[in-house]
1. Compute the distance in nm between two label points, each set 7 Å from the Cα along the Cα-to-Cβ direction, one at Asp264 and one at Ser12.
2. What FRET efficiency do you get for His27 and Glu286 if R0 is 30 Å and r is their Cβ-Cβ distance, rounded to the nearest 0.05?
3. Applying 1/(1 + (r/R0)^6) with R0 = 22 Å to the Cβ-Cβ distance of Glu143 and Glu176, what FRET efficiency is obtained, to the nearest 0.05?
4. With each pseudo-label sitting 7 Å past Cα toward Cβ, what's the Glu346-Asn131 distance in nm, one decimal?
5. Highest mean first, how do 241-253, 219-231, 363-375 rank when packing is the count of other Cβ atoms within 10 Å averaged over residues?
6. Tell me, what is the per residue accessible area of the chain in Å², probe radius 1.4 Å?
7. Just how large is the dipole of region 1-98 about the Cα centre, in debye to the nearest 20, putting +1 at every Lys and Arg Cβ and -1 at every Asp and Glu Cβ?
8. If packing is taken as the average count of other Cβ atoms within 10 Å, what order do 56-63, 341-348 fall into, highest mean first?
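The values are calculated or read from the model by the stated rules, or taken from the named source; none is laboratory data. Because the structure is predicted, anything quoted here is derived from the model rather than measured. For neighbour counting, all protein chains shown are included, and Cβ atoms are generated from backbone atoms with ideal geometry for every residue, glycine included. SASA here: full protein model, heavy atoms, side chains in, ligands and nucleic acids out. Shrake-Rupley method; radii C 1.70, N 1.55, O 1.52, S 1.80 Å.
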Amino acid sequence: MEYYCIQPKLYSEFQCMGNNCPDNCCHGWGQIIWTENEYDKLCSASCSDKIKEKIEKSFIKCGKDWIINYSNNGYCAFLTEDRMCSIQRELGAEYLSSVCREYPRLFYNNKNYILRTCNSSCYHIMGMLINKEDIMTIDPKIEKINNINQIAGYHSNKETEKAKNPILKYRIDIFEFFYNIIADNSRSVEVALTLGALAAQQISKFEEKKQFDKIPMVLEAIKPQLNDPEQLKKLEAIQPNYTLKFSFVNKLLGNMYDCDFGFDSLISQGQPSKEKYDIGLKKFEEEFENRPFALRNIVLNILTEYFISVYDKNKTVYQNYCYIVACFACIKLAAVSIYFRNKEPERDFKIISSSICRMLCHNKANVGSVLQYLKEHNCTSPAHLALLIK
């Protein structure tokens with residue numbers, strides 16, 4: 001069977017910054033899993049006594065796999081003083097775990113398509129998203145692959161998964177549908193996201209009825225609705241609900257991750273300050289006046305790396321889409337907060353935004369937690385999501 005690789009330009013243009021990265025992924029990321037085969041390969045390598053000693057002291061057995069026990073200051077034991085990997089430097093990348101070797105690259109399949117992309121949790125990826133306008137353009141040069149095993153890091157959806165969730169049959173179709181909605185820069189990214197929420201809700205009605213074969217028809221029926229001038233006018237006029245936005249984002253990031261993202265700078269007398277929010281938003285918009293594509297690119301990459309429609313296969317298309325909206329709400333509020341309080345904020349914006357993506361997107365179990373927080377805030381309809389998005 002022939003397979004076709006599709007990818008945004010981001011995938012082919014990415015090159016790791018190495019020790020020039022201010023948010024090195026060998027620090028603060030917790031425990032990295034090594035398979036038994038990867039660990040055995042490393043142990044059998046001809047290497048220095050220093051590396052052998054670190055292998056003995058730093059690896060911990062975890063079920064069938066192994067993990068590196070990070071130091072108290074959060075650094076990988078194999079990270080050198082000049083912030084490089086001692087394993088890669090001495091032995092080569094082939095002796096790394098697949099996680100270390102492949103990150104931030106991702107691979108998904110549907111039908112005979114392979115989608116290749118990169119995680120927004122990488123600082124350098126976030127920088128590319130906000131600085132290169134066409135970086136999320138899908139590469140028109142589709143690569144043909146005869147042997148799927150040629151793709152490093154490829155993880156196939158098993159037939160049993162497809163049987164449990166028949167909507168996987170239309171995964172690439174639904175992805176392209178949402179991608180085109182968000183990529184259309186004739187409307188703001190906030191309006192595009194809201195249109196996507198309305199569409200996702202309609203798709204999920206058929207999904208819940210198990211009428212999966214009607215999905216292509218539903219997608220075609222929705223498309224004309226996306227350009228209804230009256231609807232677009234109403235969506236543009238929606239005003240943000242500051243209390244809802246602050247309450248949701250603070251609870252989500254504060255309770256789930258126990259981190260201080262600096263949102264308190266936008267609080268005045270115990271309440272969200274519209275004045276401070278507007279100042280921060282204005283500074284952000286002024287900074288990105290010549291880069292209006294920044295937030296749209298971030299959303300497109302989140303959409304791609306979650307491979308909507310089904311990130312969490314136990315949730316509906318609409319529930320998965322709500323997760324993307326939550327990510328955007330967190331990143332936008334972070335941008336406003338950072339640009340309100342910082343004189344040179346772009347570096348912090350890249351670090352905080354990539355950190356938010358890292359916290360949310362590296363664990364599918366977070367989908368359920370985010371949906372629970374949305375429910376607690378009575379924010380489960382597209383109308384309420386629009387208030388978060390704005």
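1. In this crude spin-label approximation the distance works out to 4.8 nm.
2. On the way: r = 33 Å, r/R0 = 1.09.
E between His27 and Glu286, to the nearest 0.05, is 0.40.
3. On the way: r = 17 Å, r/R0 = 0.79.
So the FRET efficiency works out to roughly 0.80.
4. That separation, rounded to one decimal, is 0.7 nm.
5. Values: 241-253: 19.2, 219-231: 12.2, 363-375: 15.8.
Descending mean neighbour count gives 241-253, 363-375, 219-231.
6. Details: 18760 Å² over 390 residues.
Ligands and nucleic acids excluded, the figure is 48 Å² per residue.
7. Working: 10 positive and 14 negative charges, 38 e Å.
Charge dipole of region 1-98: 180 debye, to the nearest 20.
8. Working: 56-63: 11.5, 341-348: 13.9.
Descending packing order for the listed peptides: 341-348, 56-63.
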